């Protein structure tokens, strides 16, 4: 899947050894700049809360190679689906939860779709904070900057 346009910030997709690249990059940066610090942000439940509208918007603007994925992604993400929660009681009560956000559990394409959803923030934030680095892998983003 040609998602090279999410580089150089997103290491969760289309980057061989992405997590290792982030760890080694952080270590090298801190060795070179002893006064720098790292803040790691791990967004809890991020995959379930990402806006599908943003995913589709980013698919449309990402380029010709990716726009071809829209019909495929629509087949799995364009419609509301339901999660069924069992209360495990004598009555066998089940709660139906409509689900219109996020990527599906276990979906191998989900990581790439999530990366697309956070692309704008990861792409434009460094322009506001030019002395900082923002490497990210899926829902874990690091901010590396002078103390």
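So what's the Cα pair-distance distribution over the chain, bin width 5 Å, in %?
Percent of pairs per bin, in order: 2, 9, 16, 18, 17, 12, 9, 7, 5, 3, 1, 1, 0.
Could you work out the relative contact order of the chain? I mean the mean sequence separation of Cα pairs under 8 Å and 6+ apart, divided by the number of residues, in percent.
Computed value for the chain: 39 percent relative contact order.
Okay, helix-only estimate at 222 nm for the chain: each DSSP H run of n ≥ 4 adds -39500 (n - 2.57), divide by all residues, round to 500 deg cm²/dmol; what do you get?
Helix-only estimate at 222 nm: -11000 deg cm²/dmol.
Rounding to the nearest 10 and keeping the result within 0 to 90°, find how far the Cα-based axis of helix 52-61 lies from the longest principal axis of the chain.
Tilt of helix 52-61: around 60 degrees.
Obtain the nm distance between the two label points defined at residue 74 and residue 94 by a simple spin-label model: each point lies 7 Å from its Cα along the Cα-to-C-beta direction.
Label at residue 74, label at residue 94, 3.0 nm between them.
Starting from the 7 Å offset along Cα-to-Cβ, what nm value, one decimal, do you get for the label separation of residue 61 and residue 85?
Between residue 61 and residue 85, the label points sit 3.4 nm apart.
Based only on the alpha carbon positions, what is the Kirkwood hydrodynamic radius of segment 50-131, in angstrom?
14.9 Å
GNM on the chain, C-alpha springs below 10 Å: top fluctuator among 99, 47, 84?
Answer for the Gaussian network model of the chain: 84.
Have a look at 63, 110, 18 and tell me which one the Gaussian network model of the chain (Cα, springs below 10 Å) gives the largest fluctuation.
63
Plugging the Kirkwood radius over Cα pairs into Stokes-Einstein for segment 57-101, at a temperature of 10 °C and a viscosity of 1.306 mPa s, what D comes out in µm²/s?
The estimated diffusion coefficient comes to 121 µm²/s.
Measuring from label point to label point, each 7 Å out along Cα→Cβ, what is the residue 129 to residue 109 span in nm?
Result for the modelled spin labels: 3.3 nm.
With a 10 Å cut-off between alpha carbons and a GNM built on the chain, which of 133, 41, 32 moves the most?
32
Values quoted throughout were computed directly from the atomic coordinates according to the rules given, and no laboratory measurement underlies them. Remember, predicted model here, so these are calculated numbers, not experimental data. Glycine also receives a Cβ, built like all others from the backbone with ideal geometry; neighbour counts cover every protein chain displayed.
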